Amino acid sequence: MANHLSAPACSLSSNAARVAQAEQARQRIEQGKPVNEQMEQADQQSAYQPAAAPTGSTAAPCRVAAPTPLPPLPAALARLKQPLPLLLFLLLLWTIPGLIGHDPWKPDEAYSMGLILHILETGDNLVPTLAGEPFMEKPPLYFITAALLTRLLPDSLPLHDAARLTSGLFMALTFLCLGLSARQLFGTGSGWLAPMLLMGALGLLPHAHQMITDTALLAGYSLALLGMTLSATQPIVAGLLLGTGVGSAFLAKGLLVPLLYSALCALLLLFPGWRHKNFFLTLLLAALSALPWLLIWPLSLYQQSPELFDVWFWQNNLGRFLGSSHLATSQERGYYLKALLWFSGPVLPMALYHLWQQRRCWRAWLNRSAPGEPLLLPLLLSAVVSLTLFASSATRSLYLLPLLPPLVLLATPLLRQPQPAPRWGIRTVTWLFTGTAGVIWLVWLLALASAFASGQWNMAGFAESFVIPDQEGILFRWSTFLPAAAATLLAWQCRPLLQLSQRALLSGWSAGITLVWLLLMTLWLPVIDYGKTYRGVFAELGQAVAQTEAHCIGSRNLGEPQRAMLHYFGQIKTKRLETGWPESGCPLVLWQYSLDRSERPHFSGTTIWQGERPGDTKERYLLYRPSLESSVPSIQKKE
């Protein structure tokens, strides 16, 4: 939206403003330097403009506090005063670590790799297929894109790393669209704040580096949000972006995003400022541009197999949401509210605080004759997503991802007024990330010096288990040590920047998150990968199968991630007994059962091999040759 869509910033009280100005003056006096006049003028020009009261209203307009000028930058750090280069540098460090250098991890990456492998082997991109069987949980956009990218990238890059870079591309599009949306809503100078805020969301970090369809959904969702912000001034472009974003998100994960934006548009039409010609034109063009995305693949799937269409549409979309298909974990009371407190990081508190600051303007939003209140769009979108999550029967923190972009937009204006960083915030960020990085380095050095015995030691929150390999332990690698050391030294040198302003403190939070992630994905990546990969256990299984010269293997209770990785690492596709395949139909049967030491499997036949992943406390695999008159296998208690 153009400048006339700038937000009415209901400011801090006069007392709070005077306190902030006094604090700023004290800092300038201590430094012995005058105020940087150019920065002060730039901040004044980019500050919010006061919003006029609605036509016919006698209410006073929402007032705007005069921006407090920033102190001058220290000479040694003057090169870092430009926000865009800093943002691009941090985004690069935030994005690359974790995308390459490790095998597919369970559960989501494992089955995603199996679906991508099917497209590469057969060229069939209509029916998502996992280890020879249709897997109709999600549409194929992410898997098709990943298959195309693996063909474009050099063969020297491992196939799973090349496929995982697809998530990096979708996340880059997400950051770009969110930054443009913030700039369109709040004016020049806001475009870099929104991506910086999003980087600081704790829950986004691990999911953004996984080979999962949710990154494609988030990119389409953010593209549609950008289209909504342009609807008042550029309806043609807005309609194309909105329709393409909604359609691509549908082809990534199903009906969620189309339903969210349909509800959002219906709510916006209740406000007089959104009932105008440009918005109606935007909706018309969006519907037309979304139709190919919404119709081509579902109709093609239905023509080929109505049964598979029913499985996808009714069971994995509506059934999963309503709980009728029993495919998702039932939602605990208050689960999403509790998860959002850590998932969003500082974004949720900042968004709520800014809305509280704007409480005197809430009534004006309802009567505005033009769509000039930029907070209304992200506020309604946040409400729609929240109500959808609370109504859903499915429970996963991953489903909170669509709530992050609108919350980020609600929090962004809070940082437009340059205020000094609070001392408690500076101390918190400094000690939190200094301490965390120090612990990561210390434990790594102790493990490097063989201070830990090989075996399992759980560290919840980052992986199922950090497992030190029995044979090699932790190896020193210059390729991981040098980036980790350089990033740590750079972060230490940039500590004084935290004192400049709230914006600098936000950058420090995002930089701290980036540093911790980079250390984990360099120093500790071999350990995490060793505990989460299926390569070793299925390599042993493959050797055992090769010795038997069997060409057919049945499977019992083998999950989707395990079947996908058995196909990827062992080139083995099993015949599942759950689908009606007889146990005696293959000379070998692979059985996955719970790794409970108080239980043991009981079957009629000869054991060929047993194994488990290092550090896994849930899964064990048994390969056996069933007898000619085998009984149904069962679990029996140990005596």
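Tabulated results
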read-out	value
Which listed residue, of Gly243, Gly247, Gly220, Gly273, is out of contact with any Lys or Arg (no Cβ under 6 Å at 6 or more places or on another chain) and farther than 23 Å from Arg320 by Cα	Gly243
Any hit, segment 274-290, residues being out of contact with any strand residue (DSSP E or B) (no Cβ under 6 Å at 6 or more places or on another chain) and not in a helix (DSSP H, G or I)	yes
Any chance Trp105 is part of a loop (DSSP other than H, G, I, E, B) and surrounded by 21 or more Cβ atoms within 10 Å (Cβ to Cβ)	yes
Test result for Ala182, of a type in the set (A, V, I, L, M), part of a helix (DSSP H, G or I) and crowded, with 22+ Cβ neighbours inside 10 Å	yes
Any chance Trp297 is open to solvent by 40 Å² or more (accessible area, probe 1.4 Å) and either in contact with a strand residue (DSSP E or B) (Cβ under 7 Å, 6 or more places away or on another chain) or among the aromatic types (Phe, Trp, Tyr) (or both)	no
Count of residues meeting criterion [more than 19 Å from Gly220 (Cβ to Cβ), in contact with a Pro (Cβ under 6 Å, 6 or more places away or on another chain) and in contact (Cβ under 8 Å) with a residue 60 or more places away in the chain] in segment 250-284	2
Pairs, first open to solvent by less than 20 Å² (accessible area, probe 1.4 Å) in segment 188-205, second part of a loop (DSSP other than H, G, I, E, B), C-beta under 7 Å, six or more apart	Ser190/Arg416; Gly200/Gly345; Gly200/Pro346; Ala201/Ser344; Ala201/Gly345; Gly203/Ser344
Condition met for Ala421 (in contact with a helix residue (DSSP H, G or I) (Cβ under 7 Å, 6 or more places away or on another chain), hydrophobic (A, V, I, L, M, F, W, C) and not in a helix (DSSP H, G or I))	yes
Boolean, Gln210 is of a type outside the set (D, E, K, R) and in contact with an Asp or Glu (Cβ under 7 Å, 6 or more places away or on another chain)	yes
Matching entry among Ala219, Ala287, Ala224 (being over 30 Å from Asp529 (Cα atoms), open to solvent by less than 40 Å² (accessible area, probe 1.4 Å), of a type in the set (A, V, I, L, M) and in contact (Cβ under 8 Å) with a residue 12 or more places away in the chain)	Ala224
Test: Leu595 is modelled with pLDDT of 90 or more and under 23 Å from Pro614 (Cα atoms)	no
Any chance Leu148 is of a type outside the set (Val, Ile, Thr) and touching a residue at least 24 places away in the same chain (Cβ under 8 Å)	no
Test result for Leu506, outside any helix (DSSP H, G or I), within 30 Å of Leu91 (Cα to Cα) and in contact with a helix residue (DSSP H, G or I) (Cβ under 9 Å, 6 or more places away or on another chain)	no
Of all residues in segment 227-263 being open to solvent by 40 Å² or more (accessible area, probe 1.4 Å) and within 16 Å of Thr215 (Cα to Cα), the one that is nearest to the chain's Cα centre (by Cα)	Lys253
Output for segment 517-531, where each listed residue is open to solvent by less than 20 Å² (accessible area, probe 1.4 Å) and assigned to a helix (DSSP H, G or I)	Leu518, Leu519, Leu520, Leu525, Val527, Ile528, Gly531
Unmet criterion (only one of (1) over 19 Å from Ser501 (Cβ atoms); (2) open to solvent by 10 Å² or more (accessible area, probe 1.4 Å)) for Leu410	(2)
Qualifying residue in segment 513-534 (condition: hydrophobic (A, V, I, L, M, F, W, C) and over 30 Å from Pro346 (Cβ atoms))	no
Qualifying position, being aromatic (Phe, Trp, Tyr), closer than 30 Å to Ala484 by Cα and open to solvent by less than 10 Å² (accessible area, probe 1.4 Å), among Tyr621, Tyr534	Tyr534
Residue within segment 358-366 that is among the aliphatic types (A, V, I, L, M) and either crowded, with 23+ Cβ neighbours inside 10 Å or within 21 Å of the chain's Cα centre (by Cα) (or both) present	no
Search result, residues across segment 318-341 that are within 23 Å of Ala252 (Cα to Cα) and at pLDDT 85 or above	Tyr336
Residue within segment 542-558 that is under 19 Å from Glu109 (Cβ atoms) and surrounded by fewer than 20 Cβ atoms within 10 Å (Cβ to Cβ) present	no
Selection status of Phe481, assigned to a helix (DSSP H, G or I) and either within 30 Å of Thr129 (Cβ to Cβ) or out of contact with any Gly (no Cβ under 8 Å at 6 or more places or on another chain) (or both)	yes
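Residue-by-condition table, conditions (1) open to solvent by 10 Å² or more (accessible area, probe 1.4 Å); (2) farther than 17 Å from Phe569 by Cα:
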{"residue": "His118", "(1), (2)": "yes, no"}
{"residue": "Thr122", "(1), (2)": "yes, yes"}
{"residue": "Asn125", "(1), (2)": "yes, yes"}
{"residue": "Lys138", "(1), (2)": "yes, yes"}
{"residue": "Leu141", "(1), (2)": "yes, yes"}
{"residue": "Ile144", "(1), (2)": "yes, yes"}
{"residue": "Leu148", "(1), (2)": "yes, yes"}
{"residue": "Pro154", "(1), (2)": "yes, yes"}
{"residue": "Ala162", "(1), (2)": "no, no"}
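The values are calculated or read from the model by the stated rules, or taken from the named source; none is laboratory data. Keep in mind the model is a prediction, meaning the values are calculated, not measured. No Cβ is skipped: glycine too gets one built from the backbone with ideal geometry, and neighbour counts run over all protein chains shown. Heads up: the accessible areas ignore ligands, DNA and RNA and are worked out on the full protein's heavy atoms, side chains in. Shrake-Rupley method; radii C 1.70, N 1.55, O 1.52, S 1.80 Å.
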